[in-house]
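Below is one structure; the comments refer to it alone.
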Amino acid sequence: MRRLNILGALLLLFVTGSSVAQQKISPDRWRFQSVNSVGILEGQTGSAFQIQTVNGVCYQSWYAGVGLGLDYYRFRTIPLFMDIRKEFGKSSNKLFVYLDGGISFAWVTDDQKMPYNFEHFSNGFYDDMGIGYKALLGKKNALQISLGYTYKQLTDTYSSIFYYNALPPVYPPQKLNYSLNRLSIKLGWSF
């Protein structure tokens, strides 16, 4: 009897899951979407790696979400941002534009700091904007490639230490403002 109940429950789940899977997703419905990407940042100080995940909702050709990433350009940071996208075209493969804005949280490594200094990095502004192409793979998965311009800002407040006669005098604090402009190429997968 117990086996029949388990088999009946599994059969019910299978039939229900199959009928839900057969439903066509309407573009006029709100739906969840996750966009996960890796990329290269290129600027005046060289190349660096980036990774991002953006999770949000779609409605028709619009998408809005919240993103989090790792940005290794010049100084390691964690961007936290809002993402807005607009898709164009009637086919399943579409062009899109995107705009991101938020905060770049400083998470600087010891190797990126100046020697013989007391340093404190302050968080700054982050933005990213660009264009891309989305190629549908199946009903819900898509491959995305994008090209954009991105900017991050950080402030480094530091005091230098100079050892003279075994006394470490500390110089008054100095500030360096970093405004980092980069090109971004990202390859992503959305579902």
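The values are calculated or read from the model by the stated rules, or taken from the named source; none is laboratory data. These numbers were taken from a predicted model, which means no experiment stands behind them. No Cβ is skipped: glycine too gets one built from the backbone with ideal geometry, and neighbour counts run over all protein chains shown.
Quick notes
- Extreme residue, farthest from residue 184 (Cα to Cα), among residues of region 92-136 that are modelled with pLDDT under 90 and polar (S, T, N, Q): 117
- If the condition is being of a type in the set (Gly, Ala, Ser) and either part of a strand (DSSP E or B) or at pLDDT 60 or above (or both), then region 18-40 contributes 34, 37, 39.
- Any chance residue 126 is among the hydroxyl-bearing types (Ser, Thr, Tyr), within 30 Å of residue 172 (Cβ to Cβ) and assigned to a strand (DSSP E or B): yes
- Residues in region 56-70 that are out of contact with any Leu (no Cβ under 9 Å at 6 or more places or on another chain) and part of a strand (DSSP E or B): 56, 57, 58, 59, 62, 63, 64, 65, 70.
- Filtering region 138-176 to residues that are exposed (fewer than 13 other Cβ atoms within 10 Å of the Cβ), within 24 Å of residue 108 (Cβ to Cβ) and either at pLDDT 95 or above or basic (Lys, Arg) (or both) leaves 149, 175.
Table: residues versus (1) under 19 Å from residue 153 (Cα atoms); (2) among the hydrophobic types (A, V, I, L, M, F, W, C).
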{"residue": "44", "(1), (2)": "yes, no"}
{"residue": "86", "(1), (2)": "no, no"}
{"residue": "92", "(1), (2)": "no, no"}
{"residue": "96", "(1), (2)": "no, yes"}
{"residue": "118", "(1), (2)": "no, yes"}
{"residue": "125", "(1), (2)": "yes, yes"}
{"residue": "136", "(1), (2)": "no, yes"}
